[in-house]
Amino acid sequence: MAEVKVPELAESITEGTISNWLKKPGETVSKGEAILELETDKVNVDIISDYDGVLKETLFAEGDTVNVGDTIAIVDEGASAPVEPAQSDAAPSVPEQSPKTAAPQEKTQEPVTVQSTAKSPAASNIIASPAARKLAREKGIDLSQVPTVDPLGRVNKQDVLNAANAPKTAAVAPAATSKPAASVFVPQDDRVEVVKMSRRRQTIAKNLKNVQNTAAILTTFNEVDLSAVMELRKKRKDEFLKQHDVKLGFMSFFTKAVVAALKQIPYLNAEIHDNEFILKKYYNIGIAVSTDSGLVVPVVRDADRKNFAEIEKEIADLAIKARESKLALADMQDGTFTITNGGTFGSLLSTPILNAPQVGILGMHSIKYRPVAVDNNTRIEIRPMMYIALSYDHRIVDGKEAVTFLVKVKEMLEDPKKLLLES
């Protein structure tokens, strides 16, 4: 018999919820074949079998939470399922639920087998990198006892090394505590519906609250006259579509303008780690996308090296993958700055919240035609105007730099020819 375990998935992901068993006990499985879909904090991941055989037993039901390293199924390696398996009267070890109608997603992730290791309940809830978990196992260190200064409580490899090299003191056993049972809301009115929060929504809520509690968030505003951008799009949109097979939208202009501004104000392209600023000399721009299961932020990598068409194509592809729940973990990692467009839903003005550990996010809004003074305030014209907002972490960026950044974005968009010089 062979065990199927939850593999180490990615940085900061330690558990997931079984959303769909793709195979049932008694069915044949092949090496590399997906047997269940796991909903994690960020994306859904197919867990695959490392063995050929028959799925003998599932140890968890749909809706159960499992941790990295947990054994979730047993495969009878080398066995074959009968052509017409007889119905068994025996009750299954775990209640089965109806499979979802959605077809399983295809993934390119290689199978990873994780050795079973004993760990405390507290350690299983720690947010830690795979490298940190591996080192902790080798050193016999309880991750729940490893101090970290990360604002989101993430434990990295260096934290484990520090804990391993720290002077040893006599351990004092903590007092036994029982975890209080989760309260259950029982509606007293049949017009009230109770809807369980998805794992992704719980994580979004937790992360946003952690950002509010740790970062000194300020927001500065400006407005942009988009006449030049709209005129350029009007003149070039047909030619652009014919040449590149993608529409010329607004996001490529804003992405290019943001990169130009980040080069001028590099501390908005950084993050804070302990008492150090980590300055990043690359420009991976996250584009916030709203989906039915919550907000996700796929990343356009090396945006400074891409032309308008490449940026538009990548954003379009990522948006489709996001809405079809086909984003891979790699699609959302290593972002350095984020752009969010509330104008898609009609927002006129908002204060976007940071996407930790990033220290800056640009908010776009609706385009509204308003009277503005032009030609050195000598006359009034109706122009397409957009309010833009920059939320930033005041711990690393001061007001002067934040305002300068936003003015740079404004200048680039009001004279889009400058963007060609920045490319």
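The values are calculated or read from the model by the stated rules, or taken from the named source; none is laboratory data. Keep in mind the model is a prediction, meaning the values are calculated, not measured. Quick reminder, even Gly has a Cβ in these numbers, built from the backbone with ideal geometry, and neighbours come from all protein chains shown. SASA here: full protein model, heavy atoms, side chains in, ligands and nucleic acids out. Shrake-Rupley method; radii C 1.70, N 1.55, O 1.52, S 1.80 Å.
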Given R₀ = 35 Å, FRET efficiency for residue 232-residue 334 by Cβ-Cβ distance, to 0.05?
0.65
Taking r as the C-beta separation of residue 162 and residue 59 and R0 as 35 Å, the FRET efficiency to the nearest 0.05 is 0.45
Mean accessible surface per residue for region 215-356, computed with a 1.4 Å probe while every protein chain stays in place, in Å²:
50 Å²
For region 266-368, which GluC sites (Glu not before Pro) are both in a DSSP coil and crowded by at most 11 other Cβ atoms within 10 Å?
324
Please work out the Cα convex hull volume for region 211-333 and give it in Å³ per residue.
151 Å³
Would you kindly state how much longer the chain becomes between residue 310 and residue 1 on full extension, computed as 0.36 nm times their sequence separation minus their alpha carbon distance, in nm to one decimal?
106.4 nm
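Would you kindly state how much longer the chain becomes between residue 290 and residue 30 on full extension, computed as 0.36 nm times their sequence separation minus their alpha carbon distance, in nm to one decimal?
Numbers: separation 260, 0.36 × 260 = 93.60 nm, distance 3.55 nm.
Between residue 290 and residue 30, full extension yields 90.0 nm more.
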Partners for residue 417 among aspartates and glutamates (Cα-Cα distance below 15 Å; same-chain residues under 8 apart left out):
225, 231
Considering only Cα-Cα distances, which of the following residue pairs are longer than 31 Å: 5/157; 134/256; 209/418; 247/408; 206/280?
134/256; 209/418
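What is the gain in length, in nm to one decimal, between residue 192 and residue 373 on full extension, counting 0.36 nm per residue of separation less the C-alpha to C-alpha distance? If you can, show how the numbers build up before the last one.
Details: separation 181, 0.36 × 181 = 65.16 nm, distance 5.21 nm.
Extra length available between residue 192 and residue 373 comes to 59.9 nm.
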In nanometres, what is the gap between the two model label sites at residue 382 and residue 142, each 7 Å from Cα along Cα-to-Cβ?
7.0 nm
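To the nearest 0.05, what FRET efficiency results for residue 209 and residue 407 with a Förster distance of 30 Å applied to their C-beta separation?
Working: r = 32 Å, r/R0 = 1.05.
It comes out at approximately 0.40.
I'd like the trypsin sites (Lys or Arg not before Pro) in region 392-423 restricted to DSSP loop residues with at most 14 other Cβ atoms within 10 Å, sorted by number.
Numbers: sites: 395, 400, 408, 410, 417, 418; in loops: 395.
Qualifying residues, ordered by number: 395.
What per residue convex hull volume, in Å³, comes out for region 291-347 when only alpha-carbon positions are used? Don't skip to the end; give the middle numbers.
On the way: hull volume 5.6 nm³, N = 57.
Once divided by residue count, the hull of region 291-347 is 98 Å³.
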The Cα extents of region 284-423 along the principal axes, largest first and rounded to whole Å, are 53, 33, 31
Put a dot 7 Å past each Cα toward the Cβ at residue 320 and residue 280; how far apart are the dots in nm?
2.6 nm
Taking +1 at the Cβ of each Lys and Arg and -1 at the Cβ of each Asp and Glu, which of 409, 366, 389 sits farthest along the dipole of region 292-423 towards its positive end, judged by Cα position relative to the Cα centre?
366
